[in-house]
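Accompanying notes for the structure given below.
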Amino acid sequence: MTVTDAPILTINGQAVANSFSSDLTAPIALDELKLSWGRSSIWEQARATTLVATVLDYTGALAAAALTGQTVTVQRADGKYIFRGNLDDPKIRYAKVMLNGVRTSVWKISISAADKLAAAGQVIPQGPGTDPTTVAQYGVGYWPSQSIADRITSLLAAGASAIVSGITGYSQSYTGSTTSMCASRPFSDGWSLLQFLEGIYSQASPLRIPVYRPDTDQIDGISPTNPAPLTLVYTGGKLAITLNSYDGATLIPALVIPASDVHAESYQAEQTLNESITEVQVSAPIGATTPASHESLVETAAVVTGQPIKRAYKVDVDVISQSGATAPHRQLLTALTAVALGHRGKLRWPRVTLDWSKRTYSETVADKLITTTQPPQAVYFPGAVFTQVSTKGAIQSVIGGSLSYSADSQAWKHIMTLAPAGYAATDLLLSQLVTTTTPKIIDYHDSITLADLGQIQQGVTA
């Protein structure tokens, strides 16, 4: 089985066939499914992944079952989970379909579900605080001031472990020290599990957000894609473009897909307010070692000045403020301001589509992009018209999308939402592009244009 084969949909642990068998020993079959995931901008929190699917039921057995609230999963053909969640109210209707060449009546069941990030937004966890004096003043279930690691442990014990197998990716890059403490707060604040996690992940690194990873059944943190320079390589008798990305501190191969192999929704890109942040605000709790009503210290840094239309990015961290220039929230403020400045003026590209019914993509592309979680790999499209706008973010990251499978075409389709990432073009001289004696102009890969060469940061060397 390969990644691009039909997915495996299960409802309450029972697999749904990908098509009716000729003798109807498989009387329930998948018609189509769509998974919507991610976000439309790196300045937003991720949304819970949602599933919409249609199942055909010849016998009516599934149509008669109590489906609301049942678990539903989707796996790729290679076994990797790309969705886990719970069903909402299904819709059922009687319809005619072609079955073994005969027009046949079946039940058509439309199901929808949201993944476990949605469940995390609905759970109000009770804190582990037991101090009698504090309980008398603020009630049971208050949250004491805790280290980040202890807060995660307490959240798991307070109900998160009933939803997910673990919580990871909350590294303390900007907490100043391992002794940084999460704020205390009363249970009456009504914070959801997801709110606690957003406050924790936001302090880990710039624009880090919690997401649910169905393949590991864990809540994890993701940050904007961090690409390495575009590079020319001479391989197989052809000059080609390669790209790497940083997954944390590890350098991994990125994805280079010729623009001729994807479909763009339009030739219109946008320079949006989301890519024109004028100021950044970071707020952190102060004096929050007890559940008393505490204040937040709010600090602001200007990305640019003098722009009449202002766009502020605001983030709340759940780590108690410290004094001094190296305080966690101040370090985060500086880093966020640099990110906002780097994105100013970059273009938001139209959504692009990978369609396996029309194109054959490499196994690597299929593995990385038949997904419902932001891949750490950056993406570059040689030959794309927008690379001609040389300083506007030719390297992209995939931050969301609509991933679907059709039983009719027996193929996947992924309509991907992109965000600008990484480097602007540099000014390499033509003589610096290729310093070996072997390659000739005819050796350039067909997908490479002059505009692509203007994006290169590292030329071929001997």
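The values are calculated or read from the model by the stated rules, or taken from the named source; none is laboratory data. Because the structure is predicted, anything quoted here is derived from the model rather than measured. With ideal geometry, Cβ positions are generated from the backbone for all residues, glycine too; neighbour counts draw on all protein chains shown. All accessible areas refer to the heavy atoms of the entire protein, side chains included, with ligands and DNA or RNA removed. Shrake-Rupley method; radii C 1.70, N 1.55, O 1.52, S 1.80 Å.
When Pro253, Pro229, Pro210, Pro258 are screened for being in contact with a Gly (Cβ under 7 Å, 6 or more places away or on another chain) and under 30 Å from Lys440 (Cα atoms), only Pro258 passes. The number of residues in region 383-412 being of a type outside the set (Gly, Ala, Ser), surrounded by fewer than 23 Cβ atoms within 10 Å (Cβ to Cβ) and touching a Pro at 6+ places or on another chain (Cβ under 8 Å) comes to 1.
Taking the options Ala113, Ala63, name whichever one is at pLDDT below 90 and in contact with a strand residue (DSSP E or B) (Cβ under 7 Å, 6 or more places away or on another chain).
Ala63
If the condition is being at pLDDT 80 or above and either β-branched (Val, Ile, Thr) or crowded, with 22+ Cβ neighbours inside 10 Å (or both), then region 316-332 contributes Val317, Asp318, Val319, Ile320, His329, Leu332. With respect to the conditions (1) within 17 Å of Asn244 (Cα to Cα); (2) under 28 Å from the mean Cα position of the chain (by Cα); (3) at pLDDT 75 or above; (4) surrounded by fewer than 19 Cβ atoms within 10 Å (Cβ to Cβ), Gln458 lacks only one, and its number is (2). The set of residues in region 365-397 being over 16 Å from Leu453 (Cα atoms) and in a loop (DSSP other than H, G, I, E, B) consists of Ile370, Thr371, Thr372, Thr373, Gln374, Pro375, Pro376, Gln377, Ala378. In summary, Arg151 fulfils each of the numbered conditions (1) open to solvent by less than 20 Å² (accessible area, probe 1.4 Å); (2) farther than 25 Å from Gly324 by Cα with the single exception of condition (2).
Restricting attention to region 217-234, the residues being more than 11 Å from Ile395 (Cβ to Cβ) and in contact with a Ser or Thr (Cβ under 7 Å, 6 or more places away or on another chain) number 8. Pairs linking a residue in region 189-208 that is on the phi > 0 side of the Ramachandran plot and assigned to a loop (DSSP other than H, G, I, E, B) to a residue that is among the aliphatic types (A, V, I, L, M) and at pLDDT 95 or above, with Cβ atoms under 8 Å and 6 or more positions apart or on different chains, are Gly190/Ile124. Counting the residues of region 413-435 that are at pLDDT below 85 and open to solvent by 40 Å² or more (accessible area, probe 1.4 Å) gives 10.
Of everything in region 350-367, what is of a type outside the set (Asp, Glu), over 16 Å from Thr242 (Cα atoms) and open to solvent by 20 Å² or more (accessible area, probe 1.4 Å)? Give them in sequence order. Can you show your working first?
Pass one, region 350-367, residues of a type outside the set (Asp, Glu): 350-354, 356-362, 364-366.
After this cut, where a residue has to be over 16 Å from Thr242 (Cα atoms) as well, the list is 350-354, 356-361, 366.
Those that are of a type outside the set (Asp, Glu), over 16 Å from Thr242 (Cα atoms) and open to solvent by 20 Å² or more (accessible area, probe 1.4 Å): Arg351, Trp356, Ser357, Lys358, Arg359, Thr360, Tyr361.
If you go through region 199-229 and keep only what is in contact with a strand residue (DSSP E or B) (Cβ under 8 Å, 6 or more places away or on another chain), among the hydrophobic types (A, V, I, L, M, F, W, C) and at pLDDT 85 or above, you end up with Ile200, Ile209, Val211, Ile219, Ile222. Can you run down the residue pairs with Cβ atoms below 6 Å, 6 or more apart or on separate chains, where the first is in region 163-174 and open to solvent by 50 Å² or more (accessible area, probe 1.4 Å) and the partner is modelled with pLDDT under 85 and of a type in the set (Gly, Ala, Ser)? Filtered contacts from region 163-174: Tyr170/Ala204; Ser171/Ala204; Ser173/Ala204; Ser173/Ser205.
Residues that are surrounded by 14 or more Cβ atoms within 10 Å (Cβ to Cβ) number at least 3 in the following strands (runs of 3 or more DSSP E) confined to region 1-89: 8-11, 28-38, 47-57, 71-75, 81-87.
Matching residues to (1) free of Cβ contacts under 8 Å to residues at least 40 places away in the same chain; (2) open to solvent by 20 Å² or more (accessible area, probe 1.4 Å); (3) polar (S, T, N, Q):
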site	(1), (2), (3)
Tyr94	yes, yes, no
Ser110	no, yes, yes
Lys116	no, yes, no
Gln122	no, yes, yes
Gly129	no, no, no
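Can you say whether Lys80 is modelled with pLDDT of 85 or more and farther than 19 Å from Thr372 by Cα, as far as the supplied structure shows? Spell out how you get there, then give the answer.
On the way: modelled with pLDDT of 85 or more: yes; farther than 19 Å from Thr372 by Cα: no.
Taking the combined requirement at face value, the residue does not satisfy it.
Here is a check on your reading of the model: is Asp215 open to solvent by 60 Å² or more (accessible area, probe 1.4 Å), over 20 Å from Lys346 (Cα atoms) and of a type outside the set (Val, Ile, Thr)?
Values: open to solvent by 60 Å² or more (accessible area, probe 1.4 Å): yes; over 20 Å from Lys346 (Cα atoms): yes; of a type outside the set (Val, Ile, Thr): yes.
So Asp215 passes the test.
Screening region 234-264 for residues that are part of a strand (DSSP E or B) and hydroxyl-bearing (Ser, Thr, Tyr) and picking the one that is least open to solvent (accessible area, probe 1.4 Å) gives Ser245.
Look at Thr50 and say whether it is over 30 Å from Ala338 (Cβ atoms) and modelled with pLDDT of 90 or more. So Thr50 passes the test. In the condition set (1) open to solvent by less than 20 Å² (accessible area, probe 1.4 Å); (2) modelled with pLDDT under 85, Tyr267 is compliant with all but (1).
Looking only at region 280-315, filter to residues that are hydroxyl-bearing (Ser, Thr, Tyr) and modelled with pLDDT under 80; which one of those is surrounded by the most Cβ atoms within 10 Å (Cβ to Cβ)?
Initially, region 280-315 is screened for residues hydroxyl-bearing (Ser, Thr, Tyr), giving 283, 289-290, 293, 296, 300, 305, 313.
From the residues that got through so far, the ones that are modelled with pLDDT under 80 too are 289-290, 293, 296.
Values: Thr289: 14, Thr290: 20, Ser293: 11, Ser296: 15.
Within region 280-315, the match that is surrounded by the most Cβ atoms within 10 Å (Cβ to Cβ) is Thr290.
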